[in-house]
Amino acid sequence: MILHTFTIFAKRMTRERRIPFEVSADRFYSESNMRYLNGIANDVREGRAHFTEHALLEDEDT
């Protein structure tokens, strides 16, 4: 089964001259999110961040 799947993949890649699927990065590392996270980190370093304590949320499935 694996060999057959690879053969299909290889033939399609050869025919289309590209990887036959889209490759994308995790959106967590997007430029806009990284700017947001760096802003929060700067606020923490410079003492502008305010943290509040909150109750622990329990998972309802357990």
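The values are calculated or read from the model by the stated rules, or taken from the named source; none is laboratory data. Remember, it's a predicted structure, so these values are computed and weren't measured experimentally. Cβ atoms come from the backbone with ideal geometry, glycine included; neighbour counts cover every protein chain shown.
So that you can scan it fast, the table gives a plain yes or no per residue for (1) part of a helix (DSSP H, G or I); (2) out of contact with any Leu (no Cβ under 8 Å at 6 or more places or on another chain); (3) without any contact (Cβ under 8 Å) to a residue 24 or more places away in the chain; (4) among the small types (Gly, Ala, Ser):
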{"residue": "PRO20", "(1), (2), (3), (4)": "no, yes, yes, no"}
{"residue": "SER24", "(1), (2), (3), (4)": "no, yes, yes, yes"}
{"residue": "ASN33", "(1), (2), (3), (4)": "yes, yes, yes, no"}
{"residue": "TYR36", "(1), (2), (3), (4)": "yes, yes, yes, no"}
{"residue": "ALA41", "(1), (2), (3), (4)": "yes, yes, yes, yes"}
{"residue": "VAL44", "(1), (2), (3), (4)": "yes, yes, yes, no"}
{"residue": "ALA49", "(1), (2), (3), (4)": "no, yes, yes, yes"}
{"residue": "GLU53", "(1), (2), (3), (4)": "no, yes, yes, no"}
{"residue": "GLU60", "(1), (2), (3), (4)": "no, yes, yes, no"}
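Would you point out the residue of the stretch 12-30, among those that are hydrophobic (A, V, I, L, M, F, W, C) and within 21 Å of the chain's Cα centre (by Cα), that is modelled with the lowest pLDDT? Top of the filtered list is ALA25.
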